[in-house]
Each structure stands twice: as C-alpha cells, then as structure tokens.
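Values in this text are rule-based calculations from the coordinates and carry no lab data. This is a predicted model, so every value here is computed, not measured. Neighbour counts are summed over all protein chains in view; Cβ atoms, including those assigned to glycine, are modelled from backbone coordinates with ideal geometry.
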Amino acid sequence: MAYILNIETATKNCSVALAKEGKIILCKEISEEGYSHAERLHVFIEECIQEAGISFQDLSAIAVSQGPGSYTGLRIGVSAAKGLCFALNIPLIAIDTLQTLASQAKITEGLIVPMLDARRMEVYSAVFNSKFEKQREILAEIITENSFEEYNETLYFVGDCAEKCKSVLTKENFIFLEDIKFPSAKEMCIISYDKYKKSDTVDVAYFEPYYLKDFMVTTPKKQ
C-alpha cells in the first residue's frame, strides 16, 4: 500500500497532496503574493497526515517539485522533502514542475506549452503532447513575436505568463488557457506513483533543485 506525500512549492502556489496508489486522498494549497511557503508548508503536511488518519511511518515515499521555478520556493520544498526522507528512511522522487503544470490541460490534439514567469519577458518553458510526453526540452527563453513559430499545431499555453505574453504571441494557432496558472501537487500524484513503481528515485543526499539559471541577487541602489 503506497502512500506518497507530494510537495509543490516552485511558484506562488504552496501545495501538498497525499495520495494512495496514485489516487488523491487530500490536498492542501494556497496561492499568495507574499510566498508564505515557509509558514504554510509544514502545517499543510501535518494536516494531510492527521486528516487522512495515518502516521508519517505509513509513507512509502516523498515526491517534490524539482523546478524550474522560484529559487526560494524550491529550496523550501526540497529541504522539507529531504528532511522527511532522512527521518523516515524512505525514497525521494523528483517531479518536473513544467510537466506537473502541463498535466492540468486536458486536450486530445495539439501541444501544451507550460510557461512560468522568470523576469521581464523571460519565461521557463517546455513543450508537451496531449499525453504529457515532452516534445521539447526546458528552456529559459525571452518571448518575442517569433517564439514558437516553428509549430503549426494548435499550441495551448498554460502558466502565469498569459498577461505578459498574449500581446506578443498572437498567431491563430496559439490559445491561452488562462485559468491554469500554477502547478499543483494534485497533478503530481499519478506521476510520482508511476515513478515509485519503477524505482525512479533520486539520491536524497545529493539532489538539488533544477534552477535552470543562476539565482540573481540585486543590490539596492544607494540613496
């Protein structure tokens, strides 16, 4: 009986889902501008375990969003996941954040382009087919009017970049699903269970989030 705790903190959405055999039992999540992950994450984890009527010792594995995404958010999620894995001596499963985001788009044809906001006109993006199989690797790219012009299929864009990209990506085959903004631990459940069955896990001691590019620290201007 495989209970897997799924943790998603790569964006503004702090999300935890408990699943049994890949089926969701409970999900706790909140999306806030202030990134309250440090305060909310451990509370959500405790609530999922308690409300499900199980103990931490019943968990078979921990799954965590590996990025790309917010540097701070990823650090918080991965640190919590590693701590649980070490304490419980259970495996760690890493989940592609953009695959989790793409999995919310239920389409029968065309391609899904999950995009997460980076800075200015830059996004983290990838391309998946309707079966959520990756068709193009993850990139940190600057969006221009020529972006994705090589695709003739219908492209369904999901993520938190619609507001800044809609005025630039205007081809007729581009469709923005604006109600899908952030990845959620709910979509991680089936992915993590599939990985668990294949023993597709990562080394708890050495695993690091997939930041994609260096974290930039800006120095305030002197008054």
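Observations
- The candidate values are (1) 1.02; (2) 0.99; (3) 0.94; the one derived from this structure for Rg/Rh (Cα atoms, Kirkwood Rh) carries the label (2).
- Between Met121 and Thr108, the contour length at 0.36 nm per residue exceeds the alpha carbon distance by 1.7 nm.
- Summary of packing: across the peptides 44-55, 65-76, the per-residue average of other C-beta atoms within 10 Å ranks them, highest first, as 65-76, 44-55.
- Cross-link reach list, aspartates and glutamates versus Lys195, counting only Cα pairs under 19 Å and skipping chain neighbours closer than eight places: Glu8, Glu21, Asp58, Asp96, Glu133, Glu187, Asp203, Glu208
- Ranked by the mean number of other Cβ atoms within 10 Å of their residues, highest first, the peptides 122-129, 12-19 fall in the order 12-19, 122-129.
- Approximate spin-label separation Val168-Ile54, in nm, with each point projected 7 Å along Cα-to-Cβ: 4.3 nm
- In this label model, Glu149 and Leu212 are separated by 2.2 nm, measuring between points 7 Å along each Cα→Cβ vector.
- The packing ranking of peptides 202-208, 186-192, 150-156, highest mean first, is 186-192, 150-156, 202-208, where packing means the average number of other beta carbon atoms within 10 angstrom of each residue.
- 0 to 90° range, to nearest 10: angle between helix 71-88 axis and the chain longest Cα axis: 20 degrees
- Applying 0.36 nm per residue to the separation of Asp179 and Glu133 and subtracting their alpha-carbon distance, the gain on full extension is 14.4 nm.
- Ellipsoid equivalent to the range 105-176 - semi-axes via the Cα gyration tensor, in Å: 18, 13, 11
- Computed over the range 1-94: relative contact order in percent, which uses C-alpha pairs under 8 Å that are six or more apart: 32 percent
- Crossing angle, helix 37-52 versus the chain [Cα axis fit, 0-90 degrees, rounded to tens]: 50 degrees
- Dipole magnitude for the chain: computed about the Cα centre from +1 point charges on Lys and Arg Cβ and -1 point charges on Asp and Glu Cβ, it is near 360 debye.
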